[in-house]
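What follows is one structure encoded as structure tokens, with my remarks underneath.
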């Protein structure tokens, strides 16, 4: 059986303000799920909370991955369990070359699911770690770059530094290809891309899909779903998944918008309008 | 007669030192005048609201120190040998080593000797080239009375390096200088005097290392004077990696004739407390000065750094770029001044200083200053201090990299643009390594893999093994459309 990401009744706050209000969702390896919903419905928050962004506080609920409740795990440990997030706004890190970063990242992910550098090392001695020989890494990277048709000049630049919006998104997909996640969350990978760029990025994603990769594709436009066909579509509204269906649901949303899905009990809570 | 190594500074100690060295009368008189200046001048104190580093130094008990350490000539200790091995590059033109108060080793290529290049210890230069020493030693570049501490230095200097590069001689491979300090309660004074004649060029790399017993203290006082004559080019690099029980007072200055240029590459990593004054005296038309500075402080280290780009001629250029990381309770004050004198037209001067704080208890005060008395100038300055960006950290962690290592990667990236400015590869690589090792929790091999990888990609460049896409690579470019 493949890996499962199971989210149960997840509640989360940012700076005391509730954003997620009981999300339930299951994504299995090999499945493509689209998560749609209007701006501010909590989609990106969900992506960040799944990866353990310390900015958000989980107040209730559970996140299970491969049979473990990962809520207490650090973001890096979650990543080493082969959970992946393609960022909506990838950070640029000046002075750190993509090649060095990717090599280190791959080494870390290959270490697998165990805590690293957590707590003091009583012996006081520095640990050794496994490294990937540069030649092997280079070969692997070039294979992936060929697959995604990424230009070689990428690798000697600083991470996302001076990249265009499209280049950043492609760099995220390249990382995804290299790190071979079991479940990947793609946070508005389509935003900021024109049609041509969207096509290239979608083709890259399609080149990676298969029985070993589960995808949670976050978007608020149907457009990308013309290229990446989801098995399931979910709609999020005010911090909850309010409707799930197959790809026909995306078409329905395209025609009718989101408003008709707004649950009546969400109209107001504590007498205040909900606009998270 | 009193022991030459007796502790304490006094007029008698000055006389004793000079007699011990068998110096000519003029040098004794110079020392005695300097001693008087030392007694007369007040110790420099900081501005109101600074971090107190200068006051701490002013309260230091100098009198417990020995102003001169007798060193046996001959074989170097294994510790020095080892540190030397790390510093040595295969391609070098010469090597000079000072152990505590005396120079113990000098080598210079035959070819350069024949071209008239002089590399020797300053004691020898006083005897053999008195006119040059009288003209250049602590006169115009770093005058004796620059501060109370330079006066003390002038009174008690010992050992030291003297480099003379004749007109038109271009020295390709670097000259290496090492100062090794391992005597407890020693006050070690080292002096570097570089005279690069018209149209000459030279690269000089000076390193400070110490092995003073942990519970003991010591002081290193150095003065670096660089004269770049007309169209001469000098590159002076300094790696300071002293133990954190050594106090360090350093003055570095250059004096430029027309079109002379000097680059200072300064890496300050060690010492308990450091007071650094560094400047470019752009008094020749068309001269240029560059300062690339890197620091890393931890534990209770205290640095006070002052830089001055002094523009006092037509169309001079200066660029100052300082980056540093602070952790634990360490404190750094940096005061970077651009001073443009009346009539110094067509000046371009740029200064930037950036501090990265890795601990909530670390403090940095980086202050840029600008004094402009000419109207045809282009000058800019900026200083920032901040902490590691949480979003950058999260980004790296989401790629599987543990937090501490992610921090190290960000620090590495922070330094990288300055490190790229360091021309000497050996120095750049060792500096990267030192920085990584200073950070907590580094893996045994991390520094090496990181450094090697960085160097390798650098060497290989962008185009090696490039994948050529079908057709014109431009076709593959992605255009960005904003919503």
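Relative contact order of the stretch B:11-388: what whole-number percent is it, with Cα pairs under 8 angstrom and at least 6 residues apart?
About 11 percent, as a whole number.
Take chain A, connect every pair of alpha-carbon atoms lying under 10 Å apart with a spring to form a Gaussian network, then pick out the residue of A:254, A:15, A:72 with the largest mean-square fluctuation.
A:15
For the residues B:107, A:172, what sequence is obtained by ranking on other C-beta atoms within 10 Å, fewest first?
Ordered from fewest to most neighbouring Cβ atoms within 10 Å, B:107, A:172 come out as B:107, A:172.
Under the definition of partner shielding as Cβ atoms of other protein chains within 10 Å of a residue Cβ, what is the mean value for peptide B:388-395? Show your work: numbers first, answer last.
On the way: counts 0, 2, 3, 5, 6, 4, 11, 11.
Per residue, the average neighbour count from other chains is 5.
May I ask for the angle, rounded to the nearest 10°, between helix A:247-256 and the longest principal axis of chain A, with both axes built from Cα atoms and the value confined to 0 to 90°?
Helix A:247-256 and the main axis of chain A meet at about 50 degrees.
Give the separation of the Cα centroids, the stretch A:151-222 to the stretch B:300-365, in Å.
Comparing the Cα centres of the stretch A:151-222 and the stretch B:300-365, I get a distance of 41 Å.
What residues from the stretch A:179-201 fall in the zone where the backbone N is under 17 Å from a label point 7 Å along the Cα-to-C-beta line of residue A:132?
Zone members listed by number: A:179-183.
Kindly state, to the nearest 0.05, the FRET efficiency for residue A:199 paired with residue A:259, given R0 = 35 Å and r defined as their beta-carbon distance.
Values: r = 30 Å, r/R0 = 0.85.
Efficiency, rounded to the nearest 0.05: 0.70.
In whole Å, what is the distance between the alpha-carbon centres of the stretch B:396-424 and the stretch B:234-281?
After rounding, the separation between the Cα centres reads 25 Å.
What value, in deg cm²/dmol to 500, does the helix sum -39500 (n - 2.57) over DSSP H runs of n ≥ 4 give at 222 nm once divided by the residues of chain B?
Mean residue ellipticity at 222 nm (helix-derived): -7500 deg cm²/dmol.
Across the residues of A:95-108, average count of Cβ atoms on other protein chains within 10 Å?
On the way: counts 13, 11, 6, 1, 5, 9, 7, 1, 3, 11, 6, 2, 3, 8.
Whole-number average of other-chain Cβ neighbours for A:95-108 is 6.
For a Förster distance of 41 Å, can you work out the FRET efficiency between the beta-carbons of residue B:10 and residue B:113, rounded to the nearest 0.05?
FRET efficiency, residue B:10 to residue B:113: 0.55.
Apply 1/(1 + (r/R0)^6) to the Cβ-Cβ distance of residue A:207 and residue A:244, taking R0 = 35 Å, and write down the FRET efficiency to the nearest 0.05. Walk me through the numbers before you get to the answer.
Numbers: r = 27 Å, r/R0 = 0.77.
Here the calculated transfer efficiency is 0.80.
As a test of the formula, what do you get for chain A when each DSSP H run with n ≥ 4 contributes -39,500 (n - 2.57) and the sum is divided by the residue count, at 222 nm and rounded to the nearest 500 deg cm²/dmol?
-9500 deg cm²/dmol
Pairs of alpha-carbon atoms within less than 8 angstrom and 6+ residues apart define the contacts here; what relative contact order does chain A have, in percent?
Computed value for chain A: 29 percent relative contact order.
Roughly how tilted is helix A:165-179, in degrees to the nearest 10 and between 0 and 90, from the longest Cα axis of chain A?
Relative to chain A, helix A:165-179 is tipped by roughly 70 degrees.
Would you please put B:261-267, B:400-406 in order of how densely packed they are, using the mean number of other Cβ atoms within 10 angstrom per residue and starting with the highest?
B:261-267, B:400-406
At a threshold of 8 angstrom on Cα-Cα distance, excluding pairs fewer than six apart, so keeping six or more, what relative contact order does the stretch B:81-211 reach in percent?
Details: 236 pairs, mean separation 40.8, N = 131.
Relative CO of the stretch B:81-211 lands at 31 percent.
I want the antiparallel fraction of DSSP beta bridges within the stretch B:162-321, as a percent rounded to 5.
0 percent
Find how many whole Å separate the alpha carbon centroid of the stretch B:1-42 from the alpha carbon centroid of the stretch B:156-204.
The stretch B:156-204 and the stretch B:1-42 have Cα centres spaced 23 Å from each other.
How well do other chains shield peptide A:67-76, expressed as the mean number of their Cβ atoms within 10 Å of each residue Cβ?
3
Test of understanding: what is the full-extension gain from residue B:329 to residue B:26, defined as 0.36 nm times their sequence separation minus their Cα-Cα distance? List each step's numbers first, then the result.
On the way: separation 303, 0.36 × 303 = 109.08 nm, distance 4.63 nm.
Full extension from residue B:329 to residue B:26 adds 104.5 nm.
Expressed in nm to one decimal, what extension gain is obtained for the pair residue B:370 and residue B:300 from 0.36 nm per residue of sequence separation less their Cα-Cα distance?
22.1 nm
Quick check on chain A: of the DSSP beta bridges with both residues there, what percent are antiparallel, nearest 5%?
Taking every DSSP beta bridge with both residues in chain A, the antiparallel ones total about 65 percent.
Quick one: grab the alpha carbon gyration tensor of the protein assembly as shown, order the square roots of its eigenvalues as a ≥ b ≥ c, and give me rounded if a/c is under 1.5, else prolate or oblate depending on whether a/b is larger than b/c.
Verdict is prolate for the protein assembly as shown.
Run the paramagnetic zone check for residue B:36: 7 angstrom along Cα to Cβ, then residues of the stretch B:120-145 with backbone nitrogen under 17 Å.
Within reach of a label on residue B:36: B:144-145.
Per-residue counts of other Cβ atoms within 10 Å, averaged by peptide: what ranking do you get for B:143-151, B:110-118, highest first? Write down the numbers at each step before the final one.
Numbers: B:143-151: 20.3, B:110-118: 13.7.
Taking the mean over residues of other Cβ atoms within 10 Å, the ranking is B:143-151, B:110-118.
Return the percentage of antiparallel bridges among DSSP beta bridges fully within chain B, rounded to the nearest 5 %.
Roughly 5 percent of the DSSP beta bridges within chain B come out antiparallel.
Using a Gaussian network model of chain A with C-alpha springs under 10 Å, which one of A:251, A:175, A:142 is most mobile by mean-square fluctuation?
Fluctuation is largest for A:251.
Coordinate-derived values only; no laboratory data. Since this is a predicted model, take the numbers as computed values, not measurements. Neighbour counts run over all protein chains shown; Cβ positions are idealised from the backbone, glycine included.
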